[in-house]
2 protein chains.
Amino acid sequence: MATRRPTIRDVAKKTGLSVSTISLVLNEQENVSDETRRRVKKAISELKYHPRRSARGLASQTSGNIGFILTEDHFLQAEPFYTKVFLGTEFEARRHQYYVLLTTVDKGRKSNRDIPRFLLEHNVDGIIIAGRISPGWIDECLSRDLPVVLIDFEEPSRRVSTVMIDNRAGALLAVDHLASLGHARIGLIAGDIGHPSIAERIAGFAAGLKAHGIEMRPEWTITDQPETGIENGATAARKLFSSVNGRPTAIFAANDAMAIGCLQTLKELKIAVPRDVALVGFDDIEAGLHVEPRLTTIHVHKEELGAIAARRLVELIAAGSPSVTRTTAAVDLVVRESSGGPITVTVSKRA
Amino acid sequence: MATRRPTIRDVAKKTGLSVSTISLVLNEQENVSDETRRRVKKAISELKYHPRRSARGLASQTSGNIGFILTEDHFLQAEPFYTKVFLGTEFEARRHQYYVLLTTVDKGRKSNRDIPRFLLEHNVDGIIIAGRISPGWIDECLSRDLPVVLIDFEEPSRRVSTVMIDNRAGALLAVDHLASLGHARIGLIAGDIGHPSIAERIAGFAAGLKAHGIEMRPEWTITDQPETGIENGATAARKLFSSVNGRPTAIFAANDAMAIGCLQTLKELKIAVPRDVALVGFDDIEAGLHVEPRLTTIHVHKEELGAIAARRLVELIAAGSPSVTRTTAAVDLVVRESSGGPITVTVSKRA
DNA sequence: GTATAACATCGAACCGGTTCGAATTGAACT
DNA sequence: AGTTCAATTCGAACCGGTTCGATGTTATAC
């Protein structure tokens, strides 16, 4: 006598109502009398009835899941940037009664065979894609009529909602900070300028200089690196400081990884940080805390990025229509030693 | 003319076979002729047919998901120990065609109302529970006839499979290391001795001392802390070094958090590490890399713990019978400065 | 040549919900 | 009293698979 778990028919039987009425109550529909609603809820709790997800899913063609897509290399990298984003999504999704299915795809989208299984199986109601990705993957999702939200990446040619870091504001904060310390000779190190976030940081940097009436000198603006890793930062710095036309007294790096590479080069060249050159990064990754001197940087609220994307996606799913939004997540300046700040201070800007 | 996605009936129609035969092919069953199998597979790929998860789930009463349960405080803690375990599970589960549904529960299991939704909805085929948890939650899962695997926690009174850190081997490695450096006066700092892992580490420590013919002195063995946080480590160390009957020259702490607390106390007391006292921790958490001196410790392969649990759980699901296993994951000694090792060396023990 | 077994395929019930048009009821309106 | 209409409730089809007993076919044994 295995105690079969109750189904909606058991609830119908117990209340003497029809199955469809029970379903109406379950889904909080109108057009059910208060009296009936009460009776049904009572029976449900007495029977300890709970609808099975797969039955509901089959009938209503929804899964109750949202998909989270990450490129393989982002998933595997040691720095937990996207891990934090994912956990932010996970946490927020749960608040909205969704589970998150995580998957990775390869960067290039070469083979068609590793299309995320949850797409093939109709097992998600919407998709979050984090980080730079081949547009092919975005199209793949859109072609299945699934709502999509991108995080930290934009594809202007695709009609997709995005959640972006406020890169421009961050770059402005960085320049303001350096300018307030008296710097008027400020260089830039960047790479992968095709990346929307990087492009915005560069633009913000330029705008910041202009606002402070500081000249942006080409020989101090090294943005030709193909990637934004530590190595690229080191190389770019070598290039910058080999210039003979005088040196900047401060550097803004487009992200912390490049800033750390820059720091390595400056050490090799016996250029003291922050005495000879002040340095500011972007992202506030863990590693920035463990270099000497510790990195002044723009803090990105990674969990918040994921949480916002989850909220947007849930809205899109509920709306049923493919509206496009662009949400910007605020950033903070975190002053540490690499810019000459004597102590750690956090300055918040914009809610 | 919305291009409705094909169903199994479309495949049946196209091949002139029955729906049930298609299903047999889909599930790689015997008793299908090669010829038929080939025809079906051809039709499937031509139609780009893929079975929907919820339909399959309803019919076969399986979900294709596994649940991952974590206590709220473990989920929220800054140290990414359980995050890494989770990602290990996630990665391995995907290899076996499972998705992982994550949820948190409150520590005490007070209210019955926050039973993980995936349990109520029959939305998982098995459960992984990570870290110490109220036995009530284990019973909750077992009572639903779901396979369960615990990570880093045991409940001898419950018949449950577990994946444990090799705590004993780790403690032995730590003692061996200290002994090989010439230490013969070794103290212990621990807390929460009801925790199975902590108990094993203490036992391993005792066994290690015995093996080296070293006396275990009660006044150097501080294990009465209720928890194993940094504060507890600091308190325990204060207690130990206030003793007047001579001091140990080395300390083994039951985990890195306590070791870090111990380090703080030693600094206050102007006891130099490693010169006056050598220190070894356990877990290899991130923070251990950022204290001065860096912590010699026992490295735990966190992702591996999660991956092993996923494999065990998949086996249990496939078997359909509730066999109980206990798997131990190897650990490594990582020598850094806190024990007097001049450079970072990793010594591996046991595969 | 017939009984038997093994194999391949089929038909239909079933999993447990949702949904929508139809039926019922009672109040409001002519 | 007859008609209209909104509010409830119901019945049945449907979602897209799995599964199992039944059926037809062919090979094997006697």
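Just so you know, all these numbers are worked out from the coordinates, no wet-lab data involved. These numbers were taken from a predicted model, which means no experiment stands behind them. Ideal geometry is used to build each Cβ from the backbone, glycine not excepted, and the neighbour counts take in all protein chains shown.
Counting other beta carbons within 10 Å of each residue's own, what order do B:E154, A:E268 fall into, fewest first?
Values: B:E154 18, A:E268 12.
By the 10 Å Cβ count, ascending, the order reads A:E268, B:E154.
What spacing in nm lies between the two simple spin-label points modelled at B:S33 and A:R95, each 7 Å away from Cα in the Cβ direction?
Roughly 6.0 nm, to one decimal.
Hey, got a sec? Which trypsin sites (Lys or Arg not before Pro) in segment A:1-106 land in a DSSP loop and have at most 12 other Cβ atoms within 10 Å?
Working: sites: A:R4, A:R9, A:K13, A:K14, A:R37, A:R38, A:R39, A:K41, A:K42, A:K48, A:R52, A:R53, A:R56, A:K84, A:R94, A:R95; in loops: A:R4, A:K48, A:R52.
For trypsin sites (Lys or Arg not before Pro) across segment A:1-106 that sit outside H, G, I, E and B with at most 12 neighbouring Cβ atoms in 10 Å, the list reads A:R4, A:K48.
Can you give me the C-alpha center-to-center distance between segment B:178-226 and segment B:36-99, rounded to a whole angstrom?
Between the Cα centres of segment B:178-226 and segment B:36-99 lies a distance of 42 Å.
When you take every Cα atom in chain A, what is the radius of gyration, and what is Dmax, the widest Cα pair distance, in Å?
Here Rg and the maximum Cα pair distance are 25.9, 90 Å.
Scale the Cα Rg of segment B:8-51 by the rule-of-thumb value 2.2 N^0.38 Å and send over the ratio, two decimals. Numbers along the way, then the final one.
Values: Rg = 9.0 Å, N = 44, 2.2 N^0.38 = 9.3 Å.
The reported ratio for this selection is 0.97.
Towards the positive end of the charge dipole of the protein assembly as shown, with charges on Cβ (+1 Lys, Arg; -1 Asp, Glu), say which of A:G246, B:F153, A:P6 has the farthest Cα.
The residue sitting farthest along the positive end of the dipole is A:P6.
Residue by residue through segment B:6-14, what is 3J(HN,Hα) from phi via Karplus (6.51 cos²θ - 1.76 cosθ + 1.60, θ = phi - 60°)? Round to whole Hz and write x for glycine and proline.
x, 10, 5, 5, 5, 5, 4, 4, 4
For every helix of n ≥ 4 consecutive DSSP H residues, a contribution of -39,500 (n - 2.57) applies; sum these over chain A, divide by its total residues, and give [θ] at 222 nm rounded to the nearest 500 deg cm²/dmol. Mind showing how you got there, number by number?
Values: 13 runs with 144 residues, N = 351.
It comes out at -12500 deg cm²/dmol, rounded to the nearest 500.
About the Cα centre of segment B:8-51, what is the dipole size in debye to 20, counting +1 per Lys and Arg Cβ and -1 per Asp and Glu Cβ, all else neutral?
On the way: 9 positive and 6 negative charges, 49 e Å.
Charge dipole of segment B:8-51: 240 debye, to the nearest 20.
Give me the distance in nm between label points sitting 7 Å out from Cα along the Cα-to-Cβ direction at A:N245 and A:E315, one decimal.
About 4.6 nm separates the two model spin labels.
Taking neighbour counts of Cβ atoms within 10 Å as a proxy for exposure, in what order, fewest first, do A:T71, B:T36 appear? Show your work: numbers first, answer last.
Numbers: A:T71 22, B:T36 15.
Final ranking by Cβ density, sparse to dense: B:T36, A:T71.
Across peptide A:49-61, how many C-beta atoms of other chains are within 10 Å of each residue C-beta, on average? Mind dumping the intermediate values first?
Details: counts 1, 6, 3, 9, 12, 16, 5, 3, 9, 8, 2, 1, 2.
Mean inter-chain Cβ contacts per residue within 10 Å come to 6.
Return the long-range amide H neighbours of A:V105 (sequence gap of 5 or more, or a different chain), with a cut-off of under 5 Å between placed amide H atoms.
A:L70, A:T71, A:E72
List the GluC sites (Glu not before Pro) within segment B:170-234 that fall in a DSSP loop (any state other than H, G, I, E or B) and whose Cβ has at most 15 other Cβ atoms within 10 Å. Intermediate values should be presented prior to the final figure.
On the way: sites: B:E200, B:E215, B:E219, B:E227, B:E231; in loops: B:E215, B:E227.
Passing both the DSSP loop test and the Cβ count: B:E215, B:E227.
Karplus couplings for segment B:28-33 from phi (6.51 cos²θ - 1.76 cosθ + 1.60, θ = phi - 60°), rounded to Hz, Gly and Pro as x?
Result, ordered by residue: 6, 7, 6, 6, 10, 5 Hz.
Determine, for each peptide in B:166-172, B:116-122, the mean count of other beta carbons within 10 angstrom over its residues, then list the peptides with the highest first. Write out the running numbers ahead of the final one.
On the way: B:166-172: 23.1, B:116-122: 19.7.
Final packing ranking: B:166-172, B:116-122.
Show me, for segment A:42-49, the HN-Hα J-couplings you get by feeding each phi into the Karplus relation (A = 6.51, B = -1.76, C = 1.60, θ = phi - 60°), rounded to Hz, glycine and proline as x.
Listing the rounded values in order: 5, 4, 4, 6, 5, 7, 6, 7 Hz.
Before anything else, pin down the relative contact order of segment B:8-51: Cα pairs under 8 Å, at least 6 apart, normalised by residue count, whole percent.
Details: 29 pairs, mean separation 18.9, N = 44.
Once normalised by length, the contact order is 43 percent.
What GluC sites (Glu not before Pro) does segment A:3-70 have in DSSP loop regions with at most 11 other beta carbons within 10 Å?
A:E28, A:E30
Give me the Å³ per residue figure for the convex hull around the C-alpha atoms of the protein assembly as shown. All intermediate terms of the calculation are to be shown ahead of the outcome.
Values: hull volume 143.7 nm³, N = 702.
Hull volume over Cα atoms, normalised by residue count, gives 205 Å³.
Amide H to amide H, which residues 5 or more places from A:A329 or on other chains are under 5 Å from it, using H placed in the peptide plane?
A:M164, A:I165, A:D166
Using R₀ = 56 Å, calculate the FRET efficiency as 1/(1 + (r/R₀)^6) where r is the Cβ-Cβ separation of A:H212 and B:R275; round to 0.05. List each step's numbers first, then the result.
Numbers: r = 50 Å, r/R0 = 0.90.
Efficiency computed from Cβ-Cβ geometry: 0.65.
Given a cut-off of under 8 Å on Cα pairs at least six residues apart, what relative contact order in percent is computed for chain B? Let's see the in-between values first.
Numbers: 653 pairs, mean separation 57.3, N = 351.
About 16 percent, as a whole number.
How big is the gap, in Å, between the Cα center of segment B:299-336 and the Cα center of segment A:260-285?
42
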